[in-house]
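Remarks on the structure that follows.
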Amino acid sequence: MSIDQRLRESLHRPADSDRETEERAWHVVAAAAPAESARRQRPPLARRRLAAMLGGAALVAALAVSPPGAAVNNWIGDGLGVGVSVRHAPASPTLRALPGGGELLVGSNDAGASVVHADGSRRRLGPYRDVSWSPNGLFVAATRGRQLLAVTPTGEPRWALTPSRGAASPRWAPSGLRIAYRSGDTLRVVAGDGSGDLELMRRAGTIAPAWRPGSADELAVADGRGRIALISAVTGKRLWRSEPGLATAGLAWSSDGERLAALAPEAVNLLDGSGAPSGRLRPRDPAVFTALAYSPTDRRLALVERGSGGDAIQIVSGGRLRRIFATAATLRDPLWSPDGKWLLVSSPAADQWLFLRTRRPHRVVALSSVAAQLDPGARFPAVPRPSGWCCAR
Amino acid sequence: MPRADRDERRLLAGVRAGSREDLEQLFRTHWWRAHRAALLIVRDEAAAEDIAQEAFVAALRALDRFDRRRPFGPWLHRIVVNRAIDWTRTRALRRESALPAGDVEPEWTPPPLELSDDVVDALGLLEIDRRAAIVMRYLLDYTPGEIAKLLDVPRGTVNSRLRRGLDELAEELER
């Protein structure tokens, strides 16, 4: 058989999961379509505001009949008790105000980084990646090419370093004094003014380090085998180290610095401040956990769970795991508002950001056409990724 | 005009008018190839699903700008393939920044694809532009001239990518 024939035969061979994947995708596309139809029918100028409201209503209707809508029902029945009234704001074609206030830092492959202000206005920072707020939102740590930079919220660089192995995953310490970042397979730390760049750990893995709130600049970092170490950035000493395999996909500290959540697809491993295991959360079989985020105000932990039917948001609080939202689409980048009342997740396939109010009164605020709004003019705009939400002022 | 073209124009008109039935038929007609193309290029099942879904929604969003005399498939495939290439390059950059200088052992290796066989696995070893060109030629059935138009590159470049890609594939399969 010729190479041409072998290629055609192999590339066209059906897979067992094709049908399941197609059904999942159809739900997402069908749910996104009504809002698009409403948006395309451009009425006279005087009626556009009404049309925008109707477009929003159409999306809410889509949510109500599609898996995301089913999830909203789950919110009522599974999470918070039957009878709780959930109020939906219309899905908005433009962001008029950030639910929860504060300022949202957004990264995009094409458009670079942006800041979305509380009133919904946006400022482009520049062609930066891997953006992260300083603790009070006065600066942004970012990467550009191989550089590590500190820039102002208006995008002006204050200083830049060019580590020989490049820079990735910069994270500003809660004290404001230091920035940790990955460079090659090492973890490095530099003072907030760009001075004193030094190596803190070799053979660090690819997960972003997590600073421990309330500590004297201690940070948790996982190596390539998923073994977590807590390191003092002041002395360079390792304070403790866990067994391997605990953190292969993410790390997050509770706001009091007393609990560390380590994400591996098959479980979330909970450790106390001394590194001792304090619990393990498992997804429903055959689901996996894909992302996590601790509330900035308490010990509520948000998890994204991916199952065969789609993604769900689970909130862990007081030892209970509660599903508050589910959809056939992929969800990612969970991010809490500074006041801990709202959880933002992005849905790349539906080109939406979903703001989920996690306290009463419970609400879902959907922002549609995010890619075009935050990445105007791009040839193939991708849904921008929320990277940080700052600050309780 | 061929009947298939007439049917697709009718479907597109129905989608514009808000017909869910026409939307579903359009989706079912084009989903499999769009998703398979993304999967063969990015070699990551979750990412491929995202890319194909996003491309479909993006194509629906831009229906107003779509030239109604042209077929829908190439337009959708153009979005899918370009996004899949972008995604693969971005991931490669991230992996590169995570690797020590001179070290070729990555921490992360992609899980095997469900449709893995010797041809699909060998395809995954090709440089991304060659892989995309072969997927467009042998899965999506575009001519080199059509691929050149869809990717905005010279036809000679496409021919070169196909020739070198096929040579490397044949070499890999003979091992």
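The values are calculated or read from the model by the stated rules, or taken from the named source; none is laboratory data. Computed from a predicted structure; not experimentally measured. Every residue, glycine as well, gets a Cβ built from its backbone with ideal geometry; the counts of neighbours run over all protein chains shown.
One residue stands out among those in the stretch B:12-29 that are more than 9 Å from chain A (Cβ to nearest Cβ) and under 27 Å from residue B:132 (Cβ atoms): the one that is surrounded by the most Cβ atoms within 10 Å (Cβ to Cβ), which is B:26. Take residue A:247 and decide whether it is crowded, with 20+ Cβ neighbours inside 10 Å and assigned to a strand (DSSP E or B). No, not satisfied.
When the stretch A:236-287 is filtered for residues that are more than 21 Å from residue A:206 (Cβ to Cβ) and of a type in the set (Val, Ile, Thr), nothing remains.
Against the test of being farther than 20 Å from residue B:46 by Cα and either free of Cβ contacts under 8 Å to residues at least 12 places away in the same chain or within 18 Å of the chain's Cα centre (by Cα) (or both), the options A:350, A:312, A:326, A:262 yield a single qualifying residue, A:262.
Kindly indicate whether any position in the stretch A:190-210 is more than 10 Å from every other protein chain (Cβ to nearest Cβ), closer than 24 Å to residue A:250 by Cα and basic (Lys, Arg). No - not one qualifying residue is present in the stretch A:190-210. Being among the aliphatic types (A, V, I, L, M) and under 21 Å from the mean Cα position of the chain (by Cα) holds for only one residue in A:191, A:210, A:204, A:216, and it is A:210.
With respect to residue A:182, determine if the residue is part of a loop (DSSP other than H, G, I, E, B) and within 11 Å of chain B (Cβ to nearest Cβ). Criteria not met by residue A:182. Residues in the stretch A:205-243 that are among the small types (Gly, Ala, Ser) and in contact with an Asp or Glu (Cβ under 6 Å, 6 or more places away or on another chain): 4 in all.
State which residue is surrounded by the fewest Cβ atoms within 10 Å (Cβ to Cβ) when the search covers only the stretch B:30-43 and only residues that are within 12 Å of chain A (Cβ to nearest Cβ) and over 16 Å from residue A:28 (Cα atoms). Once the filter is applied, the top-ranked residue is B:33. Screening residue A:274 with (1) of a type outside the set (D, E, K, R); (2) modelled with pLDDT of 90 or more; (3) under 21 Å from the mean Cα position of the chain (by Cα); (4) not in a strand (DSSP E or B) gives one miss only, at (3).
Rundown of residues vs (1) modelled with pLDDT of 90 or more; (2) closer than 30 Å to residue B:88 by Cα; (3) in contact with a Ser or Thr (Cβ under 8 Å, 6 or more places away or on another chain), yes/no style:
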| position | (1), (2), (3) |
| --- | --- |
| A:293 | yes, yes, no |
| A:304 | yes, yes, yes |
| A:310 | no, yes, yes |
| A:313 | yes, yes, no |
| A:322 | no, no, no |
| A:345 | yes, yes, no |
| A:367 | no, yes, yes |
| A:380 | no, yes, no |
| A:384 | no, yes, yes |
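Using beta carbons and a limit of 8 Å, which pairs, at least six apart or on different chains, have the first residue in the stretch B:129-144 and not assigned by TED's automatic domain parsing to the domain that holds residue B:39 and the second one of a type in the set (A, V, I, L, M, F, W, C) and in a loop (DSSP other than H, G, I, E, B)? Once the first residue is not assigned by TED's automatic domain parsing to the domain that holds residue B:39 and sits in the stretch B:129-144, its partners that are of a type in the set (A, V, I, L, M, F, W, C) and in a loop (DSSP other than H, G, I, E, B) give B:134/B:126. Among the residues of the stretch A:253-274, those identified as among the hydrophobic types (A, V, I, L, M, F, W, C) and surrounded by 18 or more Cβ atoms within 10 Å (Cβ to Cβ) are A:253, A:260, A:261, A:262, A:263, A:264, A:268, A:270, A:271. Inspect the stretch A:295-304 for any residue being within 14 Å of another protein chain (Cβ to nearest Cβ) and either crowded, with 20+ Cβ neighbours inside 10 Å or within 15 Å of the chain's Cα centre (by Cα) (or both) and give the result as yes or no. Yes, the stretch A:295-304 contains at least one residue that is within 14 Å of another protein chain (Cβ to nearest Cβ) and either crowded, with 20+ Cβ neighbours inside 10 Å or within 15 Å of the chain's Cα centre (by Cα) (or both).
For residue A:175, the conditions (1) more than 19 Å from residue A:209 (Cα to Cα); (2) not in a strand (DSSP E or B) are fulfilled apart from (1). Within the stretch A:326-344, the presence of at least one residue that is in a strand (DSSP E or B) and of a type in the set (Ser, Thr, Tyr) is confirmed.
One residue alone among A:146, A:158, A:123, A:165 is surrounded by fewer than 21 Cβ atoms within 10 Å (Cβ to Cβ) and at pLDDT 90 or above, and that residue is A:158.
Does any residue in the stretch B:29-49 that is modelled with pLDDT of 90 or more come within less than 7 Å, Cβ to Cβ, of a residue that is among the polar types (S, T, N, Q) six or more places away or on a different chain, and which pairs are these? Pairs found: B:35/A:21; B:41/B:88; B:42/B:88.
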